[in-house]
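Here, each number is a calculation from the coordinates, and none is a lab measurement. Owing to the predicted nature of the structure, the values given are computational and were not obtained by experimental measurement. So basically every Cβ, Gly included, is an ideal-geometry build from the backbone, and we count neighbours across all protein chains shown.
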Amino acid sequence: MLSTRSLLVRTAGTIALALLLFVFISLGTAAYFVAIPIARQSADDLAALMVLTAETCQETPAFNLSRLREQLFQDHGLIVADTLPELSEQQFTFPYLLYLRDALARRTGKDILILKDPDGKRLWVDIPAESGIVRLGFNRDRMTARPPAVLMLVIGVGILLTLFTSFIVVRRITTPLEQLYAAVREVGQGHWPLPLKEDGPEELATLARAFNAMSSEVQALLENRTVLVAGISHDLRTPLTRLGLAVEMLSGDSDPQLIADIRRDLADMEKLIRQFMELAQGLGDEHEEDMDLWEILKAQVTNLERQGSDVQLTGDGPCHFRGNPLALRRILTNLLDNAAHYGDGKPIDVDLGCGNESICIRISDHGPGIPEIQRKTVFRPFYRLESARSIRTGGSGLGLAIASQLAIKNGWTIELMPRDGGGTVARLDLPATVNTRVG
């Protein structure tokens, strides 16, 4: 369904309103300066003919009256009545009759009623003469012109043609823009759409050509980055392995604290290299499968409890969801690790909300929290909050960046919010799938 805020609706509506306004102004001008004067003149001519006919009928001898009636009907469509039966007044459904009544009043000096037959096929006018009343009539078909009908027909056809034309014209412009918008969204989610068609108006074709070139360059740049990071990581792991072996082979006379520090540094370097690889590759495995979020969260919570954290899991279960399990587990692991590292050792609350329209996972800690101005910047690679991520925590500033990248790639959203009473709430929203709740 088209939105009223879309470019198509707004542009087509603007063009249609402008053209319709032009149609109404044109019709109004034509009616005021052309149609109405012609109708007034025609009604005045008919009124003059009726008054003249009434006077002529009064002066014509009886033996020539029949021939006069035939001549009037053949030449002017006027009928001279033999008798004056009672007739009802004709309502003024046409402006022409108003003009005719006014013209007759000016020429006779009296108000003249326009009458009609019981069947409504003929209209009659009683013209006063010196010796009485002369009733003249004419067929209703004489008024073949239907200004209101013509006006409505012209307006209706104008509206349809205007709307159709504006829709077609604007559609030619908005269709390539909609395709470009969809392609940009795919790129923003980490996917690579097919090249856009480089046809249509020159400006839009140039825009599509530029986007295709940009998309190819960005894709090549990311592929080169992945290869570069993978190569560096591979090359670094070899000397790290050697260092690890060298540490294990040190003599027993070495300082135990020094050896422990070296082992810890080597582990940190190995972890950092692994995170580099995850950030560069974005966990390229994109396969989807059905999974129970409740069971996944239970496994994550159990693993965190084994590391000494106090975690409380609440919410709705089972909760079935179809998506990328590897990406989901990595996101949850990073969010839970953040809550454990920067929650000052206090309990962590994990809540699963499983609805028919959306699924919400909330991970709440009791740490110092994140200032509002920095709740989005913490998703940048290597960005660290010094107040919460001290050297003691060992954070690299890549955990949230990896989680954010994976969420965007899969169409999910991550939001950091303040917790009531202090701390941070990490909220992960997933789109609900069919048969989300089972049991």
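Side notes on the structure shown:
- Taking all Cα pairs closer than 8 Å and separated by 6 or more residues, the relative contact order of the stretch 7-148 comes to 24 percent.
- Radius 10 Å from Cβ of T314, net charge of other residues (Lys, Arg +1; Asp, Glu -1): -2
- Of all beta bridges that DSSP places with both ends in the stretch 287-431, some 80 percent have antiparallel geometry.
- C-alpha center-to-center spacing [the stretch 170-215, the stretch 26-48] in angstrom: 56
- With q set to 0.14, 0.18 Å⁻¹, the log10 of I(q)/I(0) for the stretch 287-431, from the Debye formula over equal scatterers at the Cα positions, is -0.62, -1.06.
- Centroid-to-centroid separation of the stretch 80-137 and the stretch 401-416 [C-alpha atoms, Å]: 84
- Pair-distance distribution of the stretch 1-83: all C-alpha pairs, bin width 10 Å, starting at 0; shares per bin in whole percent are 14, 24, 15, 13, 12, 10, 9, 4, 0.
- Protection proxy ranking of 334-340, 158-164, by the mean of other Cβ atoms within 10 Å over each peptide's residues and highest first, is 334-340, 158-164.
- Ranked by the mean number of other Cβ atoms within 10 Å per residue, highest first, peptides 54-64, 117-127 order as 117-127, 54-64.
- More than 21 Å apart - percent of Cα-Cα pairs taken over the stretch 7-148: 52
- Peptide packing: for 422-432, 132-142, the average count of neighbouring Cβ atoms within 10 Å per residue gives the ranking 422-432, 132-142, highest mean first.
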